[in-house]
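**Student:** Please read through the structure below; I'll follow up with questions.
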Amino acid sequence: MRDTAGITMGGTGFARDLLPPPPITVVVVSFLGRHRLSEAQTTRATWLIVGIARGLSNKELAAWSGYRLHTIRSYLEDLFASLGVHTRAELLSNLIFFILEAAGPEATANQADLRG
């Protein structure tokens, strides 16, 4: 089964079926490692962040995951609180700067200029 994001879904709808290919998962899990999340929270946060990065709305996240819209909203509130962010844009900005920091000094040379 394929959804609007082009991701193949398993028949179960569980979070493990929603995880992207390993390279993306490794980056997001490393990013989440800076925060004290349980394994279940990390798994949930990983597929939520991938969905957000793909530009999915809450309604699309619900359809993609098989969870109810209310549940998605609750998961996002918990995720934002855990990561200390208030918006999707802030979450993705933090993820991008995490990736740049991990890439090394060349990638972060102008980081101060980027953050303004």
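The numbers here are math on the coordinates, done by the rules we state, and not lab data. As the structure is a prediction and not an experimental result, all values here were calculated from the model. Note that each Cβ is placed from the backbone with ideal geometry, even for glycine, and that neighbours are counted across all protein chains shown.
**Student:** Please order HIS35, HIS70 by the number of other Cβ within 10 Å, starting at the fewest. Kindly include the intermediate steps, with their values, before the conclusion.
**Tutor:** Working: HIS35 13, HIS70 10.
Arranged by neighbour count, lowest to highest, HIS35, HIS70 become HIS70, HIS35.
**Student:** Kindly provide the pair-distance distribution of the range 15-110 built from C-alpha pairs, with 10 Å bins from 0 and whole-percent values in order of increasing distance.
**Tutor:** 15, 50, 28, 5, 1
**Student:** Towards the positive end of the charge dipole of the range 15-110, with charges on Cβ (+1 Lys, Arg; -1 Asp, Glu), say which of ILE99, ALA45, GLY84 has the farthest Cα.
**Tutor:** ALA45
**Student:** In addition: Going by average Cβ density within 10 Å per residue, which order do the peptides 78-88, 42-52 take, highest to lowest?
**Tutor:** Working: 78-88: 14.5, 42-52: 21.4.
Going by the mean number of other Cβ atoms within 10 Å, highest first, we get 42-52, 78-88.
**Student:** To continue, here is another question. Hey, what do the phi angles of the range 76-86 turn into as Karplus ³J(HN,Hα) couplings, whole Hz, using 6.51/-1.76/1.60 and θ = phi - 60°, x for Gly and Pro?
**Tutor:** 5, 4, 4, 4, 4, 5, 5, 8, x, 10, 10
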